[in-house]
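Written out below as structure tokens is the structure these notes cover.
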Amino acid sequence: MVHPLQVQMANVTRLCATKSIVTVNGEYPGPALVAREGDRVLVRVTNHVAHNMTLHWHGIRQLRSGWADGPAYITQCPMQTGQSYLYNFTITGQRGTLWWHAHISWLRATVYGAIIVLPKHGVPYPFAAPHKEVPMIFGEWWKADTEKLVRQATKTGGAPNISDAFTINGLPGPLYNCSAKDTFKLKVEPGKSYLLRLINAALNDELFFSVANHTLTVVEVDAVYVKPFTVKTLIISPGQTTNVLLTAKPFYPRANFYMSAAPYSVIRPGTFDNTTVAGILEYQKPGGAPSVSSFDKYLPLFKPTLPRFNDTGFVANFTSKLRSLATPQYPAAVPQSVDKRFFFTVGLGTLPCPVNATCQGPTNTTQFAAAVNNVSLVLPSTALLQSHFTGTSRGVYGSNFPIMPLKKFNYTGAPPNNTNVATGTKLLVLPFNSSVELVMQDTSILGIESHPLHLHGFNFFVVGQGVGNYDSVNDPAKFNLVDPVERNTVGVPAGGWVAIRFVADNPGVWFMHCHLEVHTTWGLRMAWLVLDGNLPSQKILPPPSDLPKC
């Protein structure tokens, strides 16, 4: 079966203002893609809008099928107006919540939807089956046209305007101006349990989430089961998914409850959208028909208490609780030995203003930039995977991405005098099946900040994290090589570091970037080139005939 997805414009009204947005099948958020572990998935995407377009199946491993991964100019040229492309991939060894989104410019502001991968037939969840499953996607809404916004920011070298609201399933909710009618409501029955499939599709904000007077049991992140633990509040970064079980109270509570999300941000003096999105949890009245809306505005409405916007301690405490199941059925295959070690600095920096221009960067002679190991990736005009596969990489990219910073400095201390970054198109080459350890270190060059880093084509194990500068002598002794959490997107802590391990068992070119869209735009991105192995089953498949051309 082929899923037809039509990229088309639609008028949507939020916050009392109507604008024309890019949608999929006219829906915002777009339709959920439901599949089972082991399924082959075929999605035909047709682009009917004036923007170039690609879609990325976030978290799908894409084993040997890099042509279907979707980041523009990395694995494919974008679909131009009027073009179609058939994304063709198999879901191997994965089950849980993932998501899909546009992967070019800032179009994922409105182009996104859930991917629900059910276990194979007859395989139960490793927790009690819920009464119902509910996808909840956090998004970010601008009254302005986001494509104009990012063009303007790129021109001036300044930071783009912040969003006007957050949304749950496309709805801003009652705490925003004239949005009470646009509120996501979840109706529950006393005593039943509900699996909330949480997805953070916001462009630029990590979010705290809590349901007033209820607890949440975390059972899965990034489509990998975890040892269950119960919290009042959780943190979820852009790109990440978290499945939680919410058990309704055993009796009708005669009250309604806010389900609220608000941002986590430490960057100063930077601005962020410091607002709160709320949905409403309402209980079915005893004897009431399930289909009748039971929302009663005369009932008391409870609000959760969320952490302060800059509560780094809460974030560190929450992330330290995440552990793989590490059972015979769901093992944690952490590489115990390492073939290749890398140390990457990730953070912001500057570029000089173009000649005869004034900029709105940190100074009027600089523009904002971002880099990995001081290299700010410049996207080529042809796709990297194509030039690698066809042996035409000369002049497109170099294979000399630095494996450690070229200049050492006190990464989380006083910034160096020169904050300029280098620009270029460089890949880091990995032999097939090599085991990799990567330490990512935040820098304080323009202020410390948390960076949710997403690696395409792989899951990885988060074996360690800490505050301050990574200590290569003492920190590895504390690594968890038994049951570390396995993910596809991890927050590099503000003013700290994170260590991950993975096996390069998937040939192709794989993008790695900050999932804060503003940072990716500024260049906080790089790509790995994983070479083919010797066996036929270890080589990337040839490109499909309808692969878009640049």
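Descriptive notes on the structure:
- Residue that is most open to solvent (accessible area, probe 1.4 Å) [pool: residues in the range 201-239 that are in contact with a Pro (Cβ under 8 Å, 6 or more places away or on another chain), of a type in the set (Val, Ile, Thr) and within 17 Å of residue 133 (Cβ to Cβ)]: 217
- Segments classed as strands (runs of 3 or more DSSP E), wholly inside the range 420-499, with at least 2 members that are under 28 Å from residue 93 (Cβ atoms) and either touching a Cys at 6+ places or on another chain (Cβ under 6 Å) or modelled with pLDDT of 95 or more (or both): 427-430, 435-442, 451-455, 460-467, 489-492
- Per the conditions (1) open to solvent by 20 Å² or more (accessible area, probe 1.4 Å); (2) closer than 22 Å to residue 445 by Cβ, the sole criterion not satisfied by residue 346 is (1).
- Residue selected from the range 253-271 under the condition modelled with pLDDT of 95 or more and farther than 17 Å from residue 314 by Cα, by the criterion most open to solvent (accessible area, probe 1.4 Å): 254
- Scanning the range 68-89 for residues that are in contact with an Asp or Glu (Cβ under 7 Å, 6 or more places away or on another chain), crowded, with 24+ Cβ neighbours inside 10 Å and not in a loop (DSSP other than H, G, I, E, B) gives a single hit, 85.
- Among (1) farther than 19 Å from residue 168 by Cα; (2) open to solvent by 30 Å² or more (accessible area, probe 1.4 Å); (3) at pLDDT 95 or above; (4) not aromatic (Phe, Trp, Tyr) - the single one residue 275 does not satisfy: (1)
- Residue ranges of strands (runs of 3 or more DSSP E) in the range 223-342 with at least 1 members closer than 16 Å to residue 186 by Cα and β-branched (Val, Ile, Thr): 241-247, 277-283
- With a requirement of 1 or more residues that are within 20 Å of the chain's Cα centre (by Cα) and under 25 Å from residue 147 (Cα atoms), the strands (runs of 3 or more DSSP E) lying completely within the range 7-67 that satisfy it span 17-24, 55-58.
- Summed over the range 519-542, residues that are in contact with a strand residue (DSSP E or B) (Cβ under 8 Å, 6 or more places away or on another chain) and either in a loop (DSSP other than H, G, I, E, B) or within 22 Å of residue 203 (Cβ to Cβ) (or both) total 10.
- Taking residues in the range 124-143 that are free of Cβ contacts under 8 Å to residues at least 40 places away in the same chain, and partners anywhere that are part of a loop (DSSP other than H, G, I, E, B) and open to solvent by less than 30 Å² (accessible area, probe 1.4 Å), the pairs with Cβ atoms closer than 9 Å and at least 6 places apart or on different chains are 142/163; 142/203.
- Criterion: open to solvent by 10 Å² or more (accessible area, probe 1.4 Å) and at pLDDT below 95 - qualifying residue of 92, 154: 154
- In the range 307-338, the residues that are over 21 Å from the mean Cα position of the chain (by Cα), under 26 Å from residue 211 (Cβ atoms) and either at pLDDT below 95 or open to solvent by 40 Å² or more (accessible area, probe 1.4 Å) (or both): 308, 313
- Per-region count, the range 369-419, residues assigned to a loop (DSSP other than H, G, I, E, B), closer than 30 Å to residue 80 by Cβ and not β-branched (Val, Ile, Thr): 11
The values are calculated or read from the model by the stated rules, or taken from the named source; none is laboratory data. Source: prediction; values computed, not measured. Reconstructed Cβ throughout: ideal geometry from the backbone, glycine too, with neighbour counts over all protein chains shown. Keep in mind that these areas ignore ligands, DNA and RNA; they rest on the heavy atoms of the full protein, side chains included. Shrake-Rupley method; radii C 1.70, N 1.55, O 1.52, S 1.80 Å.
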